[in-house]
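Read-outs: derived from the displayed coordinates by stated rules, not from any lab. This structure is a prediction, so every number in the text was calculated from the model and none was measured. Counting neighbours? That spans all protein chains shown, and the Cβs are built from the backbone with ideal geometry, glycine included.
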Amino acid sequence: MKTKIITLLLCITISTTICAQDSDYKLIEQTVSYYLDGGTNNDFDTLKKAFHKNATMKFISNGEYTEVNAIEAFRKGIKPGPKQNRKTSIVSIDITGMAASAKLKLEYPNGTFIDYMNLLKIDGEWKVVSKIFHRKTKTEKK
């Protein structure tokens with residue numbers, strides 16, 4: 001009897017963990033979709049839902065390390081207009097507790113961006129707290 005109760009409690013614990021992980025996965029998917037859909041549709045209000053207000057974007061530009069506030073960079077860069085000619089996908093999502101990372105692929109006619117988003121669960125919501133990326137031109141091998 002005692003063994004059955006322990007087994008039952010273990011099964012409930014495992015089920016709860018799997019369900020929570022699945023729920024967090026879907027919430028992270030939604031968060032990065034705000035970023036992808038907002039960018040594709042030139043919709044800053046949708047895009048900014050993905051980011052914490054102090055989120056950073058870090059990248060190499062002309063061989064130099066650059067760090068900016070992500071929301072401010074996108075506010076300056078997104079202009080209303082026709083939908084972007086690009087194909088986007090979520091390559092992977094990795095979750096550990098209240099931290100996660102997502103790898104995204106944004107394919108344009110002349111190149112591809114690979115984005116790495118770091119997310120934290122803040123007040124029950126997943127928010128991007130930092131983004132790094134690499135732009136691959138069509139002629140670049142890797």
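Full-extension gain between SER33 and ASN110, please, as 0.36 nm times their residue separation minus the C-alpha to C-alpha distance.
That pair, SER33 and ASN110, stretches by 25.5 nm at full extension.
Most exposed first by the Cβ proxy, i.e. fewest other Cβ within 10 Å, how do VAL128, VAL91, VAL68 rank?
So the residues, fewest neighbours to most, are VAL91, VAL68, VAL128.
Based on alpha-carbon centroids, what's the gap between the stretch 29-91 and the stretch 108-142 in Å, whole number please?
9 Å
Enumerate the amide H contacts of ASN42 below 5 Å, restricted to partners 5 or more residues apart or on another chain; note that Pro and chain-start residues carry no placed amide H.
Excluding prolines and chain starts, which carry no amide H, the hits are GLN84.
Under a point spin-label approximation (7 Å from Cα along Cα-to-Cβ), what is the ASN41-ILE60 distance to one decimal in nm?
3.5 nm
In whole Hz, with x marking every Gly and Pro, tabulate ³J(HN,Hα) for the stretch 76-84 from phi via Karplus 6.51 cos²θ - 1.76 cosθ + 1.60, θ = phi - 60°.
Along the stretch 76-84, the couplings run 6, x, 8, 10, x, x, x, 4, 5 Hz.
If you plug each phi of the stretch 23-39 into the Karplus form 6.51 cos²θ - 1.76 cosθ + 1.60 with θ = phi - 60°, what whole-Hz ³J(HN,Hα) values come out, in order, with x for Gly and Pro?
Ordered by residue, 3J(HN,Hα) equals 5, 4, 4, 5, 5, 5, 4, 5, 4, 6, 5, 4, 5, 5, 5, x, x Hz.
Amide H to amide H under 5 Å from ALA55: which residues, 5+ apart in sequence or cross-chain, H placed 1.01 Å off N in plane?
The answer is ALA70, ILE71.
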